[in-house]
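Structure first, then comments.
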């Protein structure tokens, strides 16, 4: 099964079930097995913005059946918590890291059985697809109520994927209508695609860094990876390679 088909199956499952209703409307009988568990669900929270992180931490602290495993503000914190805190769930804002969605890939690989939930303000369907492909089991938009967040945590912990309903519906529509991605897009990460588009416009590393709010060093890192994937050695060759792989 291809990655795209796997993602579509997840989306269809969500739209057929939990994503078509608000998490706070989930029947008590559905959550009863979770409420009866002896051991609480251990949750680690990683968010660069203290006001949002504190709100999630407070929600976990006052909810029966949940326990705080730790908190942090960086990708390094997320990896450490997944590896050392015994967290069952890691809640992670992908805007925490310069690597964005791609940086989330190793988080729960470094832990044993933890599951990754993305909680972010970034709401485009492409990021959701990349997050799922990177291993996220949940994608929730900031602004949800505490009750919605708790229900989503319990569903993901039980092995069910969860995506905010509006995003799941949008992705399902796009999956049925959007054309296939060009080959160069399928091999490049979202950030690498952004950088390729910007060098195609003639922007310098410093200008791209300003547009994407990254450092010059990070842009150089992505360019190195981009050149390697396209098997080229400079910007012009990268642009030409991308053009040659576009459908005519």
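Laboratory data are not the source of any read-out in this text; all were calculated from the coordinates shown. Quick caveat, the model's predicted, so the values are computed rather than measured. Neighbour counts are summed over all protein chains in view; Cβ atoms, including those assigned to glycine, are modelled from backbone coordinates with ideal geometry.
Structure data summary
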| read-out | value |
| --- | --- |
| Spin-label proximity, residue 124 to region 193-207 - amide N less than 18 Å from point 7 Å beyond Cα toward beta carbon | 193-203 |
| Neighbour-count ranking [beta-carbon atoms within 10 angstrom, fewest first] of 224, 215 | 224, 215 |
| Nitroxide proxy distance, nm - points 7 Å out along Cα→Cβ at residue 52 and residue 200 | 2.9 nm |
| Full-stretch length increase - residue 190, residue 236 - with 0.36 nm per residue and alpha-carbon distance subtracted | 14.6 nm |
| Packing-based ranking, highest mean first, of 131-144, 229-242 given that Cβ atoms within 10 Å are counted | 131-144, 229-242 |
| Order of 221, 130 under a 10 Å beta carbon neighbour criterion, fewest first | 221, 130 |
| Segment residue 67-residue 215, length gained on full extension (0.36 nm per residue, minus Cα span) | 49.7 nm |
| Hull shadow area, averaged, region 183-242 [alpha-carbon convex hull, nm²] | 3.5 nm² |
